[in-house]
């Protein structure tokens, strides 16, 4: 086993601006935590970008597995982990931030859009990897329901973009485009 890379999350904005030294938790701790307790838009963005990366990795691994080996158990194990973790983060986002704060903070708006597109990506992955899957399966039905909600949320969030200053949104434009194309 090789060396493990551990990354600390950034300090909350208020502590950073005040120059206070804060020891933050590790990214891996926060992602695997049962109780998401992050209240900072940048930290949420980092966590959700990591989950988006894991979803991409899951897709690549699944495509290779379907070519060489048909191990659906590994697929579903990875898929459930990412889906469950993402669901917890989405719940934390909705409980920690109001719709008003999404209007005021472009980083938070981008983070929410990234989370919802990751949900859509996971649903697309199910359809790609398992085209003949039983649509009545409870896990598949739940995934379809969640992805429908995510699609509606992306439309709502996209409409919010027009209410934010162009200069605030322009900085995230390349990131937003890439979030929708992965």
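A short reminder: the numbers here are calculations on the coordinates, not readings from a lab. Note that the structure is a prediction, hence the values are computed from the model and not measured. No Cβ is skipped: glycine too gets one built from the backbone with ideal geometry, and neighbour counts run over all protein chains shown.
Take every pair of alpha-carbon atoms less than 8 Å apart whose residues are at least six positions apart; their mean separation over the length of segment 17-113 yields a relative contact order of 40 percent. Taking one equal scatterer on every alpha-carbon of segment 33-101, how large is log10 of I(q)/I(0) by Debye at q = 0.18, 0.26 1/Å? Values returned for q = 0.18, 0.26 Å⁻¹ are -0.72, -1.13.
This ranking places 114, 160 by how few other beta-carbon atoms lie within 10 Å of each, fewest first, which gives 160, 114.
From least to most packed, judged by other beta carbons within 10 angstrom and beginning with the fewest, 65, 29 follow the order 29, 65.
Neighbour counting of Cβ atoms within 10 Å sorts the residues 105, 37, fewest neighbours leading, into 37, 105. Counting only the Cα atoms, segment 1-60 fills a convex hull of 108 Å³ per residue.
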